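I have placed the structure first, in the form of structure tokens, so that the comments after it can refer back to it.
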Amino acid sequence: MTEETRISELVADLRRGPLAARRAATAELGEHGEAAVRPLIAAMQDGDNDVRWYAARALVQIGEPAIDPLLEAMRAGRDRDFRRYATAALVGMGEVAVEPLVGIIESADPDLQPFAAMALMRIGEAAVEPLLRLMKSPDPKTQERAALLLWKMGEPGATPLTEALETARDAGRSVNNK
């Protein structure tokens, strides 16, 4: 049996198998890595929310190789449920998803920005430093987006945001006093 055939069988189990088969398929699909990414995304795009949940879990196990294809599919598709489950998968991946998500915030991608913002806020602490870096952007809109995300993040982002703003204010004073 080829890997492609096995992945197809496992995706079929995600779609209509009993609970135990779905759980086992999720684990095994995660082990197939990059080869399973596109079939899992396809299952998420045309499946119900149960299928999306299991596929998202498998994508979390795959991790980094799934990020770019997942973001591409989010850009191409308009299904809000698909995008929500894809966002949940990115959150589950954690730190490895931060830089691509920050790139979406920086570019102000209108289709994905709300989803990237939600993911970064839920990832939390791992997103703080990259967002602080965006606050130093020459673009005021990028600075605003980063500051708002840090503020909305709550405890992990609020203290670093306050410190960054105080440092910027103090630096402005010392330049103006010369």
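Taken together, the values in this text are just the output of simple stated rules run on the coordinates, not laboratory data. As the structure is a prediction and not an experimental result, all values here were calculated from the model. We place every Cβ from the backbone using ideal geometry, glycine too, and count neighbours over all the protein chains shown.
Quick notes on this one:
- Charge tally around V37: other residues with Cβ under 12 Å, Lys/Arg +1 each, Asp/Glu -1 each, net -3.
- Per-residue Karplus couplings for the stretch 128-134, computed as 6.51 cos²θ - 1.76 cosθ + 1.60 with θ equal to phi - 60°, are listed in order as 4, 4, x, 6, 4, 4, 5 Hz, Gly and Pro entered as x.
- Extreme residue, positive dipole direction of the chain, given options G94, M74, A108 (C-beta unit charges): A108
- Rounded to 10°, Cα long-axis angle of helix 140-152 versus longest principal axis of the chain: 70
- The alpha carbon convex hull volume per residue for the chain rounds to 105 Å³.
- Relative contact order %, the chain, counting alpha carbon pairs below 8 Å whose residues are six or more apart: 13
- With contacts taken as Cα pairs under 8 Å at a separation of at least 6 residues, the stretch 1-62 carries a relative contact order of 35 percent.
- The value obtained for the stretch 1-62, namely the Cα convex hull volume divided by the number of residues, is 65 Å³ per residue.
- The simple spin-label model puts a point 7 Å past each Cα toward its Cβ; for A12 and R169 those points are separated by 6.4 nm.
- The convex hull of the Cα atoms of the stretch 96-170, projected and averaged over all directions, covers 4.4 nm².
- Our estimate of slack between D111 and E64, defined as 0.36 nm per intervening residue step minus the Cα-Cα distance, is 14.8 nm.
- Cα-centre dipole for the chain with unit charges at Cβ (Lys and Arg positive, Asp and Glu negative), debye to 20: 560
- Angle between the chain longest axis and helix 49-62 axis [Cα atoms, degrees, rounded to 10]: 70
- Degrees, to the nearest 10: 155-176 long Cα axis against longest axis of the chain: 30
- Taking the convex hull of Cα positions in the stretch 56-107, its mean projected area over all directions (nm²): 3.3
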